[in-house]
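To start, the structure itself, in structure tokens.
The values are calculated or read from the model by the stated rules, or taken from the named source; none is laboratory data. None of these values were measured; they are calculated from a predicted model. Please note: Cβ atoms are built from the backbone with ideal geometry, for glycine as well, and neighbour counts cover all protein chains shown. Each accessible area value is taken on the protein alone, full model and side chains, heavy atoms only, with ligands, DNA and RNA left out. Shrake-Rupley method; radii C 1.70, N 1.55, O 1.52, S 1.80 Å.
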Amino acid sequence: MKMTDLKGISILKETDLTKDTFESLIDFAIQLKAEKKEGVRKRYLEGRNIALLFDKPSMRTRAAFMCAATELGAHAEFLSDDDIKMGQKDTVEDTAKVLSCYFDGIQYRISSQALLDDFAHYATVPVWNGMTDDWHPTQMLADFMTIKENFGRLEGITLTYLGDGRNNMAHSLMVAGAICGLNIRICAPEALQPDEAVFDLAQSYVQQSGGTITVTSNVDEAVHNADVLYTDMWASKGEESEIGERIELLKAFQVNRQLMEKTGKPETIFFHCLPAIHNTDTEFGQMIYEKFGLTALEVTDDVFKSNKCKSFDQSENKLHTIKALMIASIIGEPS
Ligand code: CP
């Protein structure tokens, strides 16, 4: 099963990919990245049109899709919620059918997974999840490419995620990791542990892949021998008013120099999908300092600015993995 299996297929959640298709996309993205650095630009999607639908803000995913489309010779068109007005006058079905008349592929960032699934059901071109409240598959592709660049493999790599275990990143890492044979440890306080249904879904993959899934609130056990420590914002978009409560729950889960050393492995690297609250140089960071006296939240500035931090590689790799994904979905195997 390789990239050709993805031709015409929508990627709405991690389970739409297999271990083979994950690995094929990542290997092709690594090739595309090397070719770009050598100045080789192949316009695999010349004359194609890509729709970028966003009902929530995005910097990285939007920019990565836009640049990926342009570099591949396609035209990308951004359509905001104001342009689409999904379900207000045009039904979801009608909107999906209309946009499928013009575009060869559609990226959609929207809160509701059910609405995305419904939209993709009626679309006649591939639809890519640009992040819902449930899943973030394009982030997984970029993150796992970054793991492969650093360790040369996915299988057997131990990744510990610390923070809110109920959010789309924790859930996506559990399921994508289980599919690809990683050892995923979710380290979160009891009140913020992953959804049981998602844990069961992840478990259903590990027997075949050889991975493991662990959920714990014990930080020392969770980080011991980990290859990657991963964290995310303590309050996602729209949850900012809950930050005081989250700080109380999550302060023991901050990634700082001591925690990095607790892995016992000098080669441990740090991941964050961004944005990260690592100092007081932002309005939010300044507010946190004034209200709570903290200079950082989920990761300290020294870890974030160290050579252990691979966040900007994760961001860059969105470009290459999204290129691979669009090529696979629209034309299948590149010639
Ligand atoms: N990490 C991520 O998805 O970033 P954006 O929200 O900027 O797209």
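A crude spin-label estimate for the pair Lys291 and Glu77, with each label 7 Å from Cα along the Cβ direction, gives 4.1 nm.
The C-alpha atoms of the chain define a longest principal axis, and helix 60-71 lies at about 40 degrees to it. In the context of the full set of protein chains, the stretch 1-147 has a per residue accessible area of 43 Å² (1.4 Å probe). Close amide H contacts of Gly181 (hydrogens built in the peptide plane, cut-off under 5 Å, sequence separation of 5 or more or a different chain): Gly211. The residue among Gly130, Asn150, Thr268 whose Cα reaches farthest toward the positive pole of the charge dipole of the chain, with charges on the beta-carbon of Lys, Arg, Asp and Glu, is Asn150.
Using only alpha carbon positions, build the gyration tensor of the stretch 76-167, then give the equivalent ellipsoid semi-axes as the square roots of 5 times its eigenvalues, largest first, whole angstrom.
Each semi-axis is the square root of five times an eigenvalue, giving 32, 16, 10 Å.
Taking the longest Cα principal axis of the chain as reference, the axis of helix 137-151 is set at about 60 degrees.
Any idea which of His278, Gln314, Gly73 is furthest toward the positive side of the dipole for the chain, if Lys and Arg beta-carbons carry +1 and Asp and Glu beta-carbons -1? Towards the positive end, the residue furthest out is Gly73. If you take the beta carbon distance between Gln208 and Phe151 as r and set R0 to 22 Å, what does 1/(1 + (r/R0)^6) give as a FRET efficiency, to the nearest 0.05? It comes to 0.55. Here is how the number arises for the chain: DSSP H runs of 4 or more residues each give -39500 (n - 2.57), the sum is divided by the residue count, and the result at 222 nm is -13500 deg cm²/dmol. Helix 113-122 and the longest principal axis of the Cα set of the chain meet at an angle near 20°. When the chain is described by a simple charge dipole with +1 on each Lys and Arg Cβ and -1 on each Asp and Glu Cβ, the residue from Gly8, Ala29, Ile84 located farthest towards its positive end is Ala29. Modelled label positions at Leu115 and Lys37, each set 7 Å beyond Cα in the direction of Cβ, lie 4.0 nm from each other. Taking a ≥ b ≥ c as the square roots of the eigenvalues of the alpha-carbon gyration tensor, the stretch 179-235 is classed oblate because a/c is 1.5 or more while a/b is no larger than b/c.
Summing Cβ point charges (Lys, Arg +1; Asp, Glu -1) relative to the Cα centre of the stretch 73-169 gives a dipole of roughly 260 debye.
So how strong a dipole does the stretch 136-263 carry about its Cα centre when Lys and Arg Cβ are +1 and Asp and Glu Cβ are -1, to the nearest 20 debye?
Taking the Cα centre of the stretch 136-263 as origin, the dipole is about 380 debye.
Around the Cα centre of the stretch 18-118, unit charges on the Cβ atoms of Lys, Arg, Asp and Glu (plus for the first two, minus for the last two) sum to a dipole of about 460 debye. Just the protein heavy atoms count here, and of the accessible area of the chain at 1.4 Å, carbon and sulfur take up 48 percent.
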